[in-house]
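Data first, discussion second: the structure below is written as structure tokens.
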Amino acid sequence: MKITFNIDCTPQEARSFFGLPDVAPMQDRMLQEMEAQMRKNMGAMDMENLFRGFLTGAGSGMERWQEMFRNAIKPGGDGA
């Protein structure tokens, strides 16, 4: 035997029926705080600082690659 119940209710009605807390006000406050923090941090991010951070080690890294290839191709090099 199979019995099916279809209950038509809103999520808020279901939460209150099962005794679950209403967390919507807390979620709203958290979202507002997150948005304020993101807006604050967006002002500190400009393209020059971002690229400076990405390119800080690029020059020395390229020099290391060139040195490794020079050592690999020169006669008597260890090849590693």
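None of the figures in this text is laboratory data; all of them are computed from the coordinates on show. Quick caveat: nothing in here was measured; it's all calculated off a predicted structure. For neighbour counting, all protein chains shown are included, and Cβ atoms are generated from backbone atoms with ideal geometry for every residue, glycine included.
If you take the beta carbon distance between GLN12 and ARG52 as r and set R0 to 35 Å, what does 1/(1 + (r/R0)^6) give as a FRET efficiency, to the nearest 0.05? Computed FRET efficiency for GLN12 and ARG52: 0.10. Distance between the 7 Å Cα→Cβ label points at LEU20 and LYS2: 2.6 nm.
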